[in-house]
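The values are calculated or read from the model by the stated rules, or taken from the named source; none is laboratory data. No experiment lies behind these values; they were computed from the predicted model shown. Here Cβ is always computed from backbone atoms with ideal geometry, including for glycine, and neighbour counts include all displayed protein chains. Accessible surface areas use protein heavy atoms only, side chains included; no ligands, DNA or RNA. Shrake-Rupley method; radii C 1.70, N 1.55, O 1.52, S 1.80 Å.
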Amino acid sequence: MKLAMIGFGQAGGKIVDKFLEYDHKTGSNIVRSAVAVNTAKADLLGLERIPQDNRVLIGQARVKGHGVGADNELGAEIAEEDIDEIQGAIDNIPVHEVDAFLIVAGLGGGTGSGGSPVLAKHLKRIYTEPVYGLGVLPGSDEGGIYTLNAARSFQTFVREVDNLLVFDNDAWRQTGESVEGGYDHINDEIVRRFGVLFGAGEVEAGDNVAESVVDSSEIINTLDGGGVSTVGYAAEDVELSGGGGLLSRFKGGDDGMDDGLDTANTTNRITSLVRKAALGRLTLPCEIDGSERALLVIAGPPEHLNRKGIERGRKWLEEQTGSMEVRGGDYPTETPKVAASILLSGVHNVPRIKELQQVAIEAQDNIDEIRQQSEDNLTDLVEDDEDELDPLF
């Protein structure tokens, strides 16, 4: 799948930078074009792979390149005011070569949280390609203002994009990690999971061809219909035998072997990985039953993939989700690893979102109360009821 990626804000820019690094390492070529948008000059300077010409500094007249200080209303206003500057960078994207736009943003801060829904609305008005969001939720320990930002941004962003893929930091932060180390680990996880998903189906001349091809249309159809999506992933190391290929997965000898590999073992490995991917840690933890649509991608060396395992995995996923729209296929790779990637779209039973909204409402009430208290305290401090002074002006 060929994507035009736009990293909005600090987290968004860093994640798109990581996607470019992933492309370079794996040869996936997912990112057809990359743009970074920010109100903070320092964040743009810290990027390594996004081309200089595609780094857009907005809001200079208002915040002088110093960011919006977690004020996502200001972030949204600046994005509206400077949308033409962002469009200037997007004009350089060869849109006829991309399957979709992907706007990546951390939802807890100010710039990405406020600006990404504004950009999504703008792109959908101009282009016919789908516009997806990849939103990162802040951890619950990051503070009330970030939770409030995320709740407000989430409900706005999900309405403006064709589908919102969500990654929840709360489910992925490891105890004892430094802040920087924690975010590096999380960004790697985001890129690994979405990279396998978006990379499926890319075939060059001379490559092994998938038995059941998963291409960009399968992903687009799974995301079609909007709502919220989450991704599951599980992988297992295997030994490369050097043989195999397309034919080895169709034929099976009298002894039940596929090109030297036990068919039962390869089938069982695939079905086990599908279960682990669906029931393990999802990018956004949720109950998988009630998912409206699903896509299963099995990636690995051709000799370790077989149709029976993929069909069984797809059937199991159909039963667990209760969805009649479960697509599936394989993606032959040269890496010594078999991986199952599952996209669940239109998920509803998401306790984390309900919790986020509840905490945000409490935070909003507290902020209003604190502001009122602050005004009262200042009045008490500077005014003496018994002998009031006249102000200078």
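Only one entry of A61, A40 meets the criterion of being hydrophobic (A, V, I, L, M, F, W, C) and either surrounded by 23 or more Cβ atoms within 10 Å (Cβ to Cβ) or closer than 21 Å to P138 by Cα (or both), and that entry is A40. The set of residues in the range 267-305 being polar (S, T, N, Q) and more than 13 Å from A340 (Cα to Cα) consists of T283, S291. Scanning the range 152-168 for residues that are assigned to a helix (DSSP H, G or I) and touching a strand residue (DSSP E or B) at 6+ places or on another chain (Cβ under 6 Å) yields F157, V158.
Residues checked against (1) open to solvent by 20 Å² or more (accessible area, probe 1.4 Å); (2) of a type in the set (A, V, I, L, M, F, W, C); (3) within 20 Å of P138 (Cβ to Cβ):
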residue: L3; (1), (2), (3): no, yes, no
residue: G7; (1), (2), (3): no, no, yes
residue: G13; (1), (2), (3): no, no, yes
residue: L20; (1), (2), (3): yes, yes, no
residue: K25; (1), (2), (3): yes, no, no
residue: R32; (1), (2), (3): yes, no, no
residue: L45; (1), (2), (3): yes, yes, no
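Restricting the range 82-134 to residues that are closer than 17 Å to F194 by Cβ and assigned to a loop (DSSP other than H, G, I, E, B), which is most open to solvent (accessible area, probe 1.4 Å)? Outline the logic, then answer.
Kept after step one, since they are closer than 17 Å to F194 by Cβ, are these residues of the range 82-134: 98-107, 112, 116, 130-134.
The next check asks that each one be assigned to a loop (DSSP other than H, G, I, E, B); those that pass are 98-99, 107, 130.
Working: V98: 10, D99: 46, L107: 1, P130: 27 Å².
Restricting to residues being closer than 17 Å to F194 by Cβ and assigned to a loop (DSSP other than H, G, I, E, B), the top hit is D99.
Here R281 fulfils each of the conditions (1) surrounded by fewer than 24 Cβ atoms within 10 Å (Cβ to Cβ); (2) modelled with pLDDT of 95 or more apart from (2). Just checking, how many residues over the range 356-367 are open to solvent by 40 Å² or more (accessible area, probe 1.4 Å) and of a type in the set (A, V, I, L, M)? Of the residues in the range 356-367, 3 are open to solvent by 40 Å² or more (accessible area, probe 1.4 Å) and of a type in the set (A, V, I, L, M). In this entry, G309 is excluded by the filter for residues that are surrounded by fewer than 21 Cβ atoms within 10 Å (Cβ to Cβ) and either basic (K, R) or not in a strand (DSSP E or B) (or both). From the list A360, A294, the one residue that fits, being of a type in the set (A, V, I, L, M, F, W, C) and closer than 30 Å to G143 by Cα, is A360. Taken over the range 139-157, the criterion of being open to solvent by less than 10 Å² (accessible area, probe 1.4 Å) and touching an Asp or Glu at 6+ places or on another chain (Cβ under 8 Å) is satisfied by G139 alone. Inside the range 327-355, residues that are under 20 Å from the mean Cα position of the chain (by Cα) and buried (at least 23 other Cβ atoms within 10 Å of the Cβ) make up a count of 7.
If only one of I50, I6 is among the hydrophobic types (A, V, I, L, M, F, W, C), under 19 Å from the mean Cα position of the chain (by Cα) and in a loop (DSSP other than H, G, I, E, B), which one is it? Show your work before the answer.
Working: I6 fails: in a loop (DSSP other than H, G, I, E, B).
Exactly one residue qualifies, and that residue is I50.
Would you confirm whether or not the range 285-302 contains a residue that is assigned to a helix (DSSP H, G or I) and touching a residue at least 24 places away in the same chain (Cβ under 8 Å)? Taking every residue of the range 285-302 in turn, at least one turns out to be assigned to a helix (DSSP H, G or I) and touching a residue at least 24 places away in the same chain (Cβ under 8 Å).
If the condition is being on the phi > 0 side of the Ramachandran plot and of a type in the set (D, E), then the range 69-105 contributes no residue at all.
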